[in-house]
Amino acid sequence: MKTTRHATYNLNYHIVWLPKYRNAVLTGEVADRVESILHEVADEKGLEIQNLTVRPDHVHLFVSSPPKHSPSLLANWFKGISSRKYNHRHADHDGEKIRWARGYYAGTAGHVSSETVENYIDRHKEAEA
């Protein structure tokens, strides 16, 4: 359990999103940079990443958040800020910008345990190797 001044909570969200056109652009150094930037976003916003996998054509994020942040806000933060930071830092060098598709998936660990979600994400990590 986590607490804020006015709440005790255990809210964990599984958020999945895709690069625009589901292009497999998230490989190698690009994937490493995106992962690093997503951790920066979490740190800046006071969120805790429980698990993260950057696949060539999508991102799985399992994040803990206080109740004041909606899942749509979290998705918008991670997608928007990561895209801006990546493009500002790296697009001039690589020529390739990161653009995310408009939609996303958001689920909670309410119907399944956090361990189940983490195992699911870990299986995706293993499939990449």
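The values are calculated or read from the model by the stated rules, or taken from the named source; none is laboratory data. Quantities reported herein were computed from a predicted structural model and do not represent experimental measurements. Please note: Cβ atoms are built from the backbone with ideal geometry, for glycine as well, and neighbour counts cover all protein chains shown.
Please enumerate the residues belonging to region 1-35 that are assigned to a helix (DSSP H, G or I) and surrounded by 13 or more Cβ atoms within 10 Å (Cβ to Cβ).
K20, V30, A31, R33, V34, E35
Taking region 10-35 as the search range and keeping residues that are under 15 Å from Q50 (Cα atoms) and not hydrophobic (A, V, I, L, M, F, W, C), which one is farthest from the chain's Cα centre (by Cα)?
N10
Just name the residue that is modelled with the lowest pLDDT out of those in region 96-113 that are surrounded by 13 or more Cβ atoms within 10 Å (Cβ to Cβ), in a loop (DSSP other than H, G, I, E, B) and of a type outside the set (A, V, I, L, M).
E96
Regarding I98, is this residue of a type in the set (V, I, T) and farther than 30 Å from T4 by Cβ?
Considered against the rule, which asks whether it is of a type in the set (V, I, T) and farther than 30 Å from T4 by Cβ, I98 comes out as yes.
Please work out if A75 is of a type outside the set (V, I, T) and at pLDDT 95 or above.
Yes; evaluated as a whole, the condition is true for this residue.
Among the listed residues A101, A106, which satisfies the condition of being in contact (Cβ under 8 Å) with a residue 12 or more places away in the chain, touching a strand residue (DSSP E or B) at 6+ places or on another chain (Cβ under 8 Å), among the small types (G, A, S) and closer than 24 Å to L11 by Cα?
That would be A106, the only listed residue that is in contact (Cβ under 8 Å) with a residue 12 or more places away in the chain, touching a strand residue (DSSP E or B) at 6+ places or on another chain (Cβ under 8 Å), among the small types (G, A, S) and closer than 24 Å to L11 by Cα.
For region 36-56, give me the residue count where each residue is in a strand (DSSP E or B) and over 13 Å from the mean Cα position of the chain (by Cα).
So the count comes out to 0.
If you scan region 13-40, which residues turn out to be within 23 Å of G107 (Cβ to Cβ) and either touching a Gly at 6+ places or on another chain (Cβ under 9 Å) or free of Cβ contacts under 8 Å to residues at least 12 places away in the same chain (or both)?
If the condition is that a residue be within 23 Å of G107 (Cβ to Cβ) and either touching a Gly at 6+ places or on another chain (Cβ under 9 Å) or free of Cβ contacts under 8 Å to residues at least 12 places away in the same chain (or both), then Y13, H14, I15, V16, W17, L18 are the ones that fit.
Which of the residues belonging to region 58-95 are part of a loop (DSSP other than H, G, I, E, B) and surrounded by 15 or more Cβ atoms within 10 Å (Cβ to Cβ)?
Residues satisfying the conditions are S65, P66, H69.
Starting from region 59-74, keep only residues that are farther than 21 Å from N119 by Cα and acidic (D, E), then list their pairs with residues that are modelled with pLDDT under 95 and surrounded by 20 or more Cβ atoms within 10 Å (Cβ to Cβ) whose Cβ atoms are within a distance under 8 Å, requiring at least 6 positions of separation or different chains.
Listed by first residue and then by second, the contacts come to nothing, as the list is empty.
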